[in-house]
1. Kindly check whether there is at least one residue in segment 11-31 that is within 12 Å of the ligand (Cβ to nearest atom) and among the acidic types (Asp, Glu).
2. Inspect segment 451-470 for any residue being away from the ligand (no atom under 16 Å from the Cβ), crowded, with 20+ Cβ neighbours inside 10 Å and more than 20 Å from the chain's Cα centre (by Cα) and give the result as yes or no.
3. Could you list, in sequence order, all residues of segment 268-289 that are among the small types (Gly, Ala, Ser) and assigned to a loop (DSSP other than H, G, I, E, B)?
4. Quick check on segment 161-175. Is at least one of its residues touching a Ser or Thr at 6+ places or on another chain (Cβ under 7 Å), of a type in the set (Phe, Trp, Tyr) and on the phi < 0 side of the Ramachandran plot?
5. Could you tell me which numbered condition Asn316 fails, if it satisfies all but one of (1) on the phi > 0 side of the Ramachandran plot; (2) buried (at least 17 other Cβ atoms within 10 Å of the Cβ)?
6. It is to be established whether one or more residues within segment 124-131 are crowded, with 16+ Cβ neighbours inside 10 Å and of a type in the set (S, T, N, Q).
7. Restricting to segment 24-48, what's the tally of residues that are in contact with a Phe, Trp or Tyr (Cβ under 8 Å, 6 or more places away or on another chain), charged (D, E, K, R) and either surrounded by fewer than 19 Cβ atoms within 10 Å (Cβ to Cβ) or free of Cβ contacts under 8 Å to residues at least 12 places away in the same chain (or both)?
Amino acid sequence: MRKKVTIIGSGFSSLSASCYLAKAGFDVHIFEKNDTVGGRARQLIKDGFTFDIGPSWYWMPDIFEKFFQDFGKKPSDFYQLDKLSPAYKIFFEDDVMTIGDHMDKICQEFERLEKGSSIPLKRFIAKAQKNYDIAINKVVYRPGISPLELITPETAMRVDQFFKTISQEVRKRFKNPKLIATLEFPVLFLGAKPSKTPSFYSFMNFADFGLGTWHPKGGMYEIIKAMRSLAEDLGVTIHTNSAVESIAITGNKALGVSINGSLQNADVVLSGADYHHSETLLPLENRQYSEAYWSKKTFAPSSLLFYVGFNKKLKNIEHHNLFFDTDFEAHAREIYDNPKWPKDPLFYVNFPSVTDHSMAPEGCETGFFLIPIAPDLEDTTVLRQQYFDIIIERFEKRTGQSIKNSIIFSESFCVNDFIDQYNSFKGNAYGMANTLSQTAFLRPNLKSTKVKNLYFTGQLTVPGPGVPPSLISGKLVSELIVKHI
Ligand SMILES: Cc1cc2nc3c(=O)[nH]c(=O)nc-3n(C[C@H](O)[C@H](O)[C@H](O)COP(=O)(O)OP(=O)(O)OC[C@H]3O[C@@H](n4cnc5c(N)ncnc54)[C@H](O)[C@@H]3O)c2cc1C
């Protein structure tokens, strides 16, 4: 008889693992607490407007190709992928930068701001490309079991890059604060401050300038739909509205999971829910990490999000827009060092309907506004409204148009929703940050050390936050399961 794997949650990492495990011959069942699959990457459809609730940046297309290739497929079998041109726009207090879809265009823009800067930029991106090749081909697809995984001839030659930060590396080469902010932006996806992120992670800059920014027609949820369809074709059974209440244990073995008070037996339990929450489903003696452990970790930010329908097309905007018109350092301190609601927040706005007309009714615009904030902040309706007003006013000023009266509806999502909807630790949005002391074998384990048939996947474990890492996490954990069971 086929061995049964029960997977908790249906985010990218769980869906990825489910495909690999079904292909390996397991009887796979996913139990998801919400009524739709996708976790943080779910979709909101309202009055003809389509919103991705979470991720909107499609970076590292090679990782998606690798995933589908493992099943004899390609992304284009499921969705149409377009390279965005320009990739994105950055609004500063006194200028606007446009990041093109090719290095030549980006070099021109750098030269406009700092004469001669295209030369160090090309060198920086060439180094970032080497790091990308090493990271993707030699490091990231390893399960984080031993420190030796990080030691390859290539990483040994670059050991200094693990002890210098991306901030130091960028500031050594560029003086213009706008160029510095632009080059520090990609590592924000890793969840920590650029001044705490090793310079080896400049591979994110190659992902940005070298590989470009892409958009699946219909939105990021098309990837979830693709993975769901692949999983079901491979024989995975998906149960929604099925919150796991506990993981049943006897001795050091998991018997299965409890849903609505009844035990669902399994040979293997794999949790793709937030790691901290997953461990609270266990008796105390079977948990690997204490509350003290979690509270010492650097968590990636939470977010205050607004999903807004506009009854007109907006001007002077692109698909992705960063508003870096206030002090980056001050906002970062309010997220990491002295957590509080930011005085003058940076924010990001996504208008997918600028390039993809399927995302909004004709003549309208779909807008997704995101303010990164510290996890665990007080979250009230009054605070949400206050920040909505602040960013709408700033948006109007920077883009030179009035939008307030064109809002048909606006829905918000913040710390309390992350906790309520995903059982997220302190309402984090992007999991646990990738810092030097939270990399690879220093992250929470893929395989439990206390329960022999219990495994974990997702953005709090290896390799880290983001959609591409979640796909990889699902592959890594399924390889461990196949090896051990
Ligand atoms: C606002 C936002 C913007 C982002 N932007 C980007 C981006 O542009 N690009 C990018 O690459 N990444 C981005 N990310 C990060 C990316 O979305 C995540 O890293 C990834 O989706 C995490 O997937 P996961 O499988 O680890 O977890 P999740 O998606 O959180 O999945 C976990 C699932 O477990 C379920 N669950 C929890 N508890 C239980 C239980 N007891 N029983 C059953 N089910 C349970 C949850 O409901 C959820 O569906 C963003 C994230 C957010 C929130």
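1. No: zero hits.
2. The answer is yes; a qualifying residue exists.
3. Hits for segment 268-289 are Gly272, Ala273.
4. yes
5. Evaluating Asn316 over (1) on the phi > 0 side of the Ramachandran plot; (2) buried (at least 17 other Cβ atoms within 10 Å of the Cβ) leaves (2) as the failure.
6. For segment 124-131, residues crowded, with 16+ Cβ neighbours inside 10 Å and of a type in the set (S, T, N, Q): present.
7. 2
Yes/no matrix, rows are residues, columns are (1) touching a helix residue (DSSP H, G or I) at 6+ places or on another chain (Cβ under 7 Å); (2) under 30 Å from Lys46 (Cα atoms); (3) aromatic (Phe, Trp, Tyr); (4) away from the ligand (no atom under 12 Å from the Cβ):
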site	(1), (2), (3), (4)
Val236	yes, yes, no, yes
Thr240	no, yes, no, no
Ala243	no, yes, no, no
Gly251	no, no, no, yes
Val257	no, no, no, no
Ala266	no, no, no, yes
His276	yes, no, no, no
Trp294	yes, no, yes, yes
Phe299	yes, no, yes, yes
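Readers should treat all values here as calculations from the given coordinates under stated rules, not as data from a laboratory. Owing to the predicted nature of the structure, the values given are computational and were not obtained by experimental measurement. For neighbour counting, all protein chains shown are included, and Cβ atoms are generated from backbone atoms with ideal geometry for every residue, glycine included.
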